[in-house]
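Derivation of every value follows stated rules applied to the coordinates shown; laboratory data play no part. Note that the structure is a prediction, hence the values are computed from the model and not measured. Note that we place each Cβ from the backbone using ideal geometry, even for glycine, and neighbour counts take in every protein chain shown.
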Amino acid sequence: MLFRRLYWAAYIASHLRGQRRWAFLPPDVIRRAQLRRLRRILAHAFCHVPHYQEAMRRRGLTPADFRTVDDLARLPLIERDQVQSDPERFYSRAIPDSQCLTLTTSGSCGIPIRIRLDLPAVFQSAAHTGRERANVTPLLGREFGYREAMIVPNVAQTTLVLDFCHKHAWFPPGRRVQRRTYRIDAPLDHTVAALNDFKPDLLFSYGSYIGLLLAHVRAAGAPFHAPRALTYSADTLPLPVRRLLLEELCIPVFAWYRAVEAFNMGQECDHHRGIHLNDDLHPLRLVDAEGRPAPKGEAGDVVVSNLVNRATVLLNYRLGDRAALLPEPCSCGRSLPLLSFPPGRGDDFAVLPSGDLAHYTTIHDELLHGEPVWAAQAVQVSPSHFDVVAVPRECCDPSAMAARLAQRLSHRLRANLTVSVTLADSLPRTPGGKCPVFLSKVHRPIQSAR
Ligand SMILES: [Zn+2]
């Protein structure tokens, strides 16, 4: 057992090498690494995963027909509900459950999805976090031994991952992080007190939660231990909070683009222009609602291929996010491509009375940029009516805000819309703990978005 743990410790160490500088490597070196991973995962999927065996045979394809990651578009597009309803179709028959870590997505887009990860995927992902932390560790002053607080909706799952890693691999005491996890649904006063007690160097949570926490601290005038850096994933950090952190409080904040379906998709760099994509691990492309490639430079649905995990193989999978690829290289000098910032959960559209669709960011922009709010959530309850819950930055009249929003949204979306506003201290959360900025209860036909 100790031998196995030492083996995986050495495995992590070997994969960790070079990760901090990976983003600066020449593009052709990154492309070669991408191709090696592509060949390996296709060969595995073709031999062991029912979905790809059937799909490739039906199309007369073999792994040799895939010359670049662009050819992954020749595979059928996988939708979330396919994986929700029949996860075993994407499982590798070569890898038994006993050698897997099984995780569930938090289900912000509907029913949770069960994803299996094989041991190499778990430990490679652990090593690939070196790319995310490359921006952060210089701010912490040391590579190991710092204090990290994680505020997450599913403490049990986070604990499960950490326990799994420690069960299978040995971590030298000098190369550990002092980590504490906190529940995202705990009373904010309790969490602030616990953080002040622990004094984390690094704080990780959901973007929406960081917004909520900062708003609470400012409103209550409570003392707050400022970490040296903040990181977030899963949903969007409200723009006013991002500005407050970077410009006023001078606390660096970084988005880590992660999903249970594809860990380590990308990380924000210190120029804060967007998210650098780890496209040698999880290449992604953007498509429209019908699955056609999105026009260059325009936003589209994120379709990702996980080239790392062999236990649940997801190639050409519509993740549920919406984003755009930025055409200009980043001024930081990194070679990895840049995704627009921040990616929002993307199956949330408003269905207007005309039947046209409006992306939720249009509505959310009006809320955040036009009103004195820290955070807001809009729920479309009928084609012409939105219920808004807003966390105000200052004292304000909800009915006046509702009238202003109705006027601006009607003008922008060219429809006759009504809005009601409720002020609150925090936004409602899904059972999984996510804080979607927009929800629609209106049936969505397939049409183009504004
Ligand atoms: Zn950059």
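Miscellaneous remarks
- For q = 0.06 Å⁻¹, Debye-computed log10 I/I(0) when each Cα of the chain counts as one equal scatterer: -0.26
- The amide H of Ser335, built 1.01 Å from its N in the peptide plane, has Phe24, Leu25 as neighbours under 5 Å, considering only residues 5 or more places off or on other chains.
- Mean Cα-pair separation over length for the range 122-236, i.e. relative contact order, pairs under 8 Å, 6 or more apart, %: 31
- In sequence order, the range 262-277 has phi-based couplings of 7, 5, 6, 6, x, 8, 6, 9, 6, 8, 6, 9, x, 10, 7, 8 Hz under the Karplus curve 6.51 cos²θ - 1.76 cosθ + 1.60, θ = phi - 60°, and Gly or Pro positions carry x.
- The range 1-73-the range 190-257 distance, computed between alpha-carbon centres (Å): 35
- Sum of -39500 (n - 2.57) over DSSP H runs of 4+, divided by residues of the chain (222 nm, nearest 500): -10000 deg cm²/dmol
- Phi-based couplings in Hz for the range 122-139 (Karplus 6.51, -1.76, 1.60; Gly and Pro marked x): 4, 7, 5, 4, 4, 5, 5, 5, x, 5, 4, 7, 4, 7, 9, 4, x, 6
- Listed residues Ile30, Thr62, Gln19: farthest to the positive end of the dipole of the range 1-80 (Cβ charges): Gln19
- Spin-label pair Thr102-Asp189: with each label point 7 Å from Cα along the Cα-Cβ axis, the two points sit 4.1 nm from one another.
- Cβ-based exposure ranking for Phe204, Phe144, in which fewest neighbours within 10 Å come first: Phe144, Phe204
- Ranking Ser410, Val379, Ala390 by Cα position along the charge dipole of the range 371-431, where only Lys, Arg, Asp and Glu carry charges on their C-beta atoms, puts Ser410 farthest toward the positive end.
- Three-way shape label, the range 10-124, alpha-carbon gyration tensor, a/c 1.5: oblate
- For Ala375, nonlocal amide neighbours, meaning residues 5 or more places apart or on other chains whose placed amide H falls under 5 Å from its own, are Val391.
- Label sites at Gln53 and Leu160, each approximated as a point 7 angstrom past Cα along Cα to Cβ, lie 2.7 nm apart.
- A Förster radius of 56 Å combined with the Cβ-Cβ distance from Arg180 to His411 puts the calculated FRET efficiency at roughly 0.75.
- Pairwise FRET efficiency - Arg4 versus Arg243, Cβ, R0 = 56 Å, nearest 0.05: 0.70
- In a simple Cβ point-charge model (Lys, Arg +1; Asp, Glu -1; nothing else charged), the chain has a dipole of about 1560 debye relative to its Cα centre.
- Sequence-distant residues sharing a close amide H with Thr181 (under 5 Å, placed H): Met150
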